[in-house]
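Input: a single structure, listed below in structure tokens.
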Amino acid sequence: MRIVKLIAAMALCIGLSGPALAQEPIKIGVLLPYSGVFGVIGKDQDLALEIALDTFGREVAGRPIELVRGDTESKPNAGLAQAKKLILKDKVDMLVGTVSSAVAGAVRDYVHNSKTPLIIANAGNDQLTGSKCSPWILRTSFSNSQINRPMGHWMATSVQLNVVRLGEAYLVNARPTANPRAHFIDKRSLNFLFA
């Protein structure tokens, strides 16, 4: 619900940008994985967006909303290629989506340099709202470090033994912020092992 309101607000700003554009559609580039490892999540998010538009309307300030889709395939290079296509060829006014943190990281510089608004609905890449923060990127979801920060504090104060953390070997788990130990008050209280 929150993302729908945000998209509507941005679309309203675009819709009110001038009378010469009164009947041209507001083009929203939907940058999601429709195939690949996160394809199911992308299709679910797309369906939710369609339901929201059916519920709240497909028009803002007299301008119809047009969705233009790009399949990131859950791959950084494919996601970047789709972002470029949506911005350059399809002339979208804004982008929404990205499920994969790696895809979000890959499109960051292009989105920032092209000054195209991007609303991240799922990817938790910490850098995008941290060290690589951009005024053109807004996250409505969690950041990856949020998940582990409270766990690190709890483990440091409650557990006095060896801990083994298992996780998939991809971008999210490779970041130092994905390590609960990074958020310990007293880093000596646990012997933290990675597997």
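The values are calculated or read from the model by the stated rules, or taken from the named source; none is laboratory data. Remember, it's a predicted structure, so these values are computed and weren't measured experimentally. Surface accessibility is based on the protein's heavy atoms, side chains included, excluding ligands, DNA and RNA. Shrake-Rupley method; radii C 1.70, N 1.55, O 1.52, S 1.80 Å.
Take the conditions (1) assigned to a helix (DSSP H, G or I); (2) open to solvent by 50 Å² or more (accessible area, probe 1.4 Å); (3) modelled with pLDDT of 95 or more; LYS27 misses just one of them, which is (1). In the set GLY42, GLY36, only one residue is open to solvent by less than 10 Å² (accessible area, probe 1.4 Å) and of a type outside the set (A, V, I, L, M); that residue is GLY42. Selection of the stretch 53-88 for residues being open to solvent by less than 50 Å² (accessible area, probe 1.4 Å), small (Gly, Ala, Ser) and assigned to a helix (DSSP H, G or I) yields ALA78, GLY79, ALA83.
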